Each structure stands twice: as C-alpha cells, then as structure tokens.
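Asker: Starting off with a structure, shown below.
Here, each number is a calculation from the coordinates, and none is a lab measurement. Predicted, not measured: the structure shown is a model, and the values here were computed from it. Here the Cβ is made from the backbone with ideal geometry for all residues, glycine too, and neighbour counts use every protein chain on show.
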Amino acid sequence: MSAAQPYAGADEPAFPDDAVEVGRVTGAWGVKGWIRVQPFSSDPKALFSSRRWFVRPPETDGPRPAAAARALPGLLRITHSKEHGDGVVASAQELPDRNAAEAMKGARIFIARSSFPTAGDGEFYWVDLIGLAVVNREGQALGTVADLMDTGAHSVLRIRRPEATDTTPPAEAERLIPFVAAFIDDVSLAERRITVDWGLDY
C-alpha cells in the first residue's frame, strides 16, 4: 500500500502502510449524514475496531475527475457505528448531512491492520489468509489462497492452482476447500502455510 494521500487534507493522518480494505459505502442512511457500509466479511468487527476509517474513491474503468476525488474526505472520524441488517451504518464528523453521505456512495473503506482486535483461538482474519500456500498431508502443493467466500454456514478458501496460467479458464484455475475443521489441519501464519486433508484430484 502506498503511504501517499492525494485525497487527504493537510491535517489528516497519512494513509497507513498496513491499510486493509474492509468494506464499501452503499449509500446514505436516514437524513442526518449516516452511511450504509457493506463489510467484506460476515463479521464486521474490523469496522468496529477503529474510529478512524480511511477513504479511497470507488474503482472505475476510466479516470476519475479530480474534483470528484477531492470531494471525498480522506478520513472519516466515526462517532457512531452499529450493525444494521446484513451491513453496518455509521456517522462521522465529516458527514454533516444526507447530501454528504450520498456523495460517499461507492467509496472504499480502509482500516489499519494494526487496529484489528486480536483474533480468538482458532480464528483468523481473511486478510491474513490471502497469499498463504496450501499443501495437503502428503506435502503436495495445492496452490495459494486467492480469496475467501462466505457461504453463510462457513467460509470457503478459493485457491489458485500452481499450474494455472493467465489463459487458464477460471473454473479450472482454482479449487475450493471449505474452511472447516474437517478439512483444515493447521494454519501457520508464521510459516505462511495451510495444511489440509485434501487430494490433488478433488
């Protein structure tokens, strides 16, 4: 992550080097400047772990007008936040009314990884699993964790196969392994490796 902050004011802290994208603003909520945020995990505790949410503009296919980029605050100082339905709603000092909240739609929300609460025993943040090598009990390489999916009942590792190339069809480039105790033998963040009970031909 770059530490540059082209959208932030001079009195705002620098964009953290360990920033993690944790959600997107989906729109305004109510008339008092609250925003709706869709977390990237079924458990939004990362959003609640910090009162400082860093902001980046929505991703676009083309260049974003400079005026539009400057209209977004580089930092939201959160005054209230709570779960609402399948998302989160929040208010911030920088969003005084509904118009300001509506202007945030699509904005990407980042939080410093160092501010995340400590995970419980046997619990892991998704961001810490991305990029880990996956091997089976026989020591055979199954690939690298590219992403995770939340099915509601449990999470699923999306693993990019080691033999996959840029031209490999998506369905053939990855394997899916449920992130449950029945298949996950060990997760070593220190060794950046996940050991699973899974065959090469599954």
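Asker: What nm value, rounded to one decimal, do you get for the distance between Glu83 and Glu138 when each label is placed 7 Å out toward the C-beta?
Answerer: 4.2
Asker: Taking only C-alpha pairs under 8 Å that are 6+ residues apart, what is the relative contact order of the chain in percent?
Answerer: Relative contact order of the chain: 19 percent.
Asker: As a footprinting exposure proxy, order Phe183, Phe15 by other Cβ within 10 Å, with the fewest listed first.
Answerer: Lowest to highest Cβ neighbour count: Phe183, Phe15.
Asker: Would you tally the net charge around Phe116, using a Cβ to Cβ cut-off of less than 10 Å, leaving Phe116 out, and scoring K and R as +1, D and E as -1?
Answerer: Surrounding charge for Phe116 is 0.
Asker: Taking only Cα atoms of the chain, what ratio of Rg to Rh do you get with Rh as the Kirkwood inverse-distance radius?
Answerer: A ratio of 1.03.
Asker: Moving to a separate point now. In whole Hz and in residue order, list the ³J(HN,Hα) couplings for the range 120-136 that follow from phi through the Karplus curve 6.51 cos²θ - 1.76 cosθ + 1.60, θ = phi - 60°; x for Gly and Pro.
Answerer: x, 4, x, 10, 9, 7, 3, 4, 7, 8, 4, x, 6, 6, 10, 10, 9
Asker: Val20's amide H: which non-local residues (gap 5+, or another chain) put their own amide H closer than 5 Å, with H modeled 1.01 Å from N in plane and none for Pro or chain starts?
Answerer: Distant-sequence amide H within range of Val20: Ile111, Ala112, Arg113.
Asker: Also, quick follow-up: Neighbouring Cβ atoms within 10 Å as the yardstick, rank Thr79, Thr151, Thr144 fewest first.
Answerer: In order of increasing Cβ crowding within 10 Å: Thr151, Thr79, Thr144.
Asker: Can I ask one more? What is the magnitude of the charge dipole of the range 19-115 about its Cα centre, with +1 placed on the Cβ of each Lys and Arg, -1 on the Cβ of each Asp and Glu, and no other charges, expressed in debye to the nearest 20?
Answerer: Around 260 debye, computed over the range 19-115.
Asker: Follow-up. Multiply the residue gap between Asp185 and Thr165 by 0.36 nm, knock off their C-alpha separation, and tell me the result in nm, one decimal place.
Answerer: Full-extension gain reported as 4.4 nm.
Asker: Give me, ordered by chain and number, the residues 5 or more places off Glu94 or on other chains with an amide H under 5 Å from its own placed amide H.
Answerer: Close amide H contacts, sequence-distant or interchain: Arg77.
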